[in-house]
Each structure stands twice: as structure tokens, then as C-alpha cells.
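To start, the structure under review is shown below, and the notes come after it.
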Amino acid sequence: MIYKINKTFNRNLGFQVSHNEILESVNSLNLFLETLPPNLYRSIDFKTTGALIGAVFCTKLVENIQDSVVNPIEKGHPDIIPTSGLGSSEEILRNYPEGIEIKGTIGNLKTGSNLRAGEVRVSKISGITWQAHHREVNYLLGVVWDFVNDKNGFNFPAITGAFFSDTLTPDDWGEISGTTGRNTKVTGMRKSGKIKMGEGWILLYDNKEYVNRYSKLLNIDIGEQGSLFGN
């Protein structure tokens, strides 16, 4: 897959990360996803597929980002922290001061759309919304994925966009739902947060339909950035 790349992306988050590490991790993730059998994607829901993509993407990122490690506790925040954080108490790892949180979305579908695994969704999405379990997510690497990587007659899931913001505030997240009973607490990103994510775009699948759709939904200004080949 070919991506448009924002070559200006470079941040120190307790470890140094640039567009190069993000692209390498995305390429590696896409290659892994196409090794799984199509029937697996047909038999699990999109939420489970998204969780799989997020977990593998985290492992690919730490393989490529020097001095980074996946947060070692299940409910740790953020998802990836500096290696210097290893050995910290569970309390500290629940809200470590450095690192990056990873969130993914397949996009919101237009009313009446009924798409299954393996079917391209870009023309049917009405919005891009990342979700979190609390409103204090401020350093976010958000990815969008779709069933777009055609191999042997099946569209495998692949990353179609990656975006970053280190200026998110609680006001960029909606009210938390699921606060009663056994429901999982969740909040969705508001328009203000989406604009910040669009401003921090890192890579976009170099396909006119995707670029136009994502640019409209996230108010992205692509500028004159070039394209790099993925795998």
C-alpha cells in the first residue's frame, strides 16, 4: 500500500518517534493482518477485529521505536511508555506521565448501511470517532482502518490513516456513557478533538477517495507532502 506522509512529524514522548517508525509499524501490521485466514475476519465482529489490530499495532510500534515498551499492566495508561518506566508501581503505570495512547476506529457508517468483513467501507462512512474510557487522554495516536488490502479476492483489513495530537483536553471528549450497571464506560471524541487530530495527520492511504473523505471529516490540509511506498 502507498501512503501520503507528513514528513514533519517528530515527537519526544519519553522516546523519540517520527513518521518513519509509524510507517514501518503500519507496513508490518498490514503484512501480519493478511496472513490470517479470511474466515477469521468473517467470524468475529468489528470490535474484536479492532482490538486485534490495536494490540498488534502496539507490539509493532515498540519493535520500531527505540526505548519504548508496551505498558505492562492490563489497565495501564498510556499504552506505550518509555522503558525507563518499567519497575514503576501499578498506581503510577495506571497514569504514567510519558508515552502515547493508541486508539483505532473503522469509522461510523451511514444509516442503512450493512457491510460485512471484506467489504470496503470508505464510501459509506459518515464520521470518524475515536473512543476512550476516560476524558483525560491527551497524547493520542489514532488510526483508521478498513477492509481495503485486496489479496486473492479478499479485502484484508489495513491501516488507512494515522493521526496524532498532544493537545487534547477533557473538553475534546464527550460525556461518559455506560456509567451504570455492568456497561463499559466510554466517551467519544468531539469535533474539536477531531480537528486537532486532523491537524496532526501522519499518514493517509494514497487513494483519492480516502484522502478526500478523511480530509473532509477531519478538516485535513494535506499540503504538498509526498508519497512513500508501503508493502
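The values are calculated or read from the model by the stated rules, or taken from the named source; none is laboratory data. Since this is a predicted model, take the numbers as computed values, not measurements. Methodologically, a virtual Cβ is constructed for each residue, glycine included, from the backbone with ideal geometry; neighbour enumeration extends over all protein chains shown. Side chains included, ligands, DNA and RNA excluded: accessible areas come from the protein's heavy atoms. Shrake-Rupley method; radii C 1.70, N 1.55, O 1.52, S 1.80 Å.
Give a quick list of trypsin sites (Lys or Arg not before Pro) in region 67-168 that DSSP marks as loop, anything other than H, G, I, E or B, with at most 15 other Cβ atoms within 10 Å.
Passing both the DSSP loop test and the Cβ count: LYS75, ARG94, LYS110, ARG116.
Amide H to amide H under 5 Å from GLY118: which residues, 5+ apart in sequence or cross-chain, H placed 1.01 Å off N in plane?
Close amide H contacts, sequence-distant or interchain: none at all.
Give a residue-ordered list of calculated ³J(HN,Hα) values for region 36-51 (Karplus: 6.51 cos²θ - 1.76 cosθ + 1.60, θ = phi - 60°; whole Hz; x for Gly, Pro).
For region 36-51, the Karplus curve yields 7, x, x, 5, 5, 5, 6, 9, 10, 7, 5, 4, 5, 4, x, 5 Hz.
With the crude spin-label approximation of a point 7 Å out along Cα→Cβ, what separation in nm comes out for GLU91 versus LYS191?
Computed distance between label sites GLU91 and LYS191 equals 4.2 nm.
With a 1.4 Å probe and every protein chain kept in, tell me what percent of the accessible surface of the chain is carbon plus sulfur. Numbers along the way, then the final one.
Details: 5210 of 11510 Å².
With neighbouring chains kept in place, the figure for the chain is 45 percent.
If amide hydrogens are placed 1.01 Å from N in the peptide plane, which non-local residues have theirs closer than 5 Å to the one on PHE156?
For PHE156, whose amide H was placed from the backbone, the distant partners under 5 Å are VAL148, ASN149, ASP150, LYS151.
From the phi of every residue in region 17-22, what ³J(HN,Hα) in whole Hz does the Karplus formula 6.51 cos²θ - 1.76 cosθ + 1.60 yield, where θ is phi - 60° and glycine or proline is x?
Running phi through 6.51 cos²θ - 1.76 cosθ + 1.60 with θ = phi - 60° gives 9, 10, 4, 5, 5, 5 Hz.
For the pairs LYS103/LYS196; LYS7/LYS124; LYS110/LYS151; LYS124/LYS216; LYS47/LYS185, note any where the Cα-Cα span goes beyond 25 Å.
LYS7/LYS124; LYS110/LYS151
Once amide H atoms are placed 1.01 Å from N in the peptide plane, what residues at a sequence separation of 5 or more from ASP206, or on another chain, have their amide H within under 5 Å of its amide H?
ILE2, TYR3, LYS4
Return one whole number: the accessible area per residue of the chain in Å², for a 1.4 Å probe.
50
Quick one: what do you get for the chain if you divide its Cα Rg by 2.2 N^0.38 Å?
Normalised Cα radius of gyration, the chain: 0.98.
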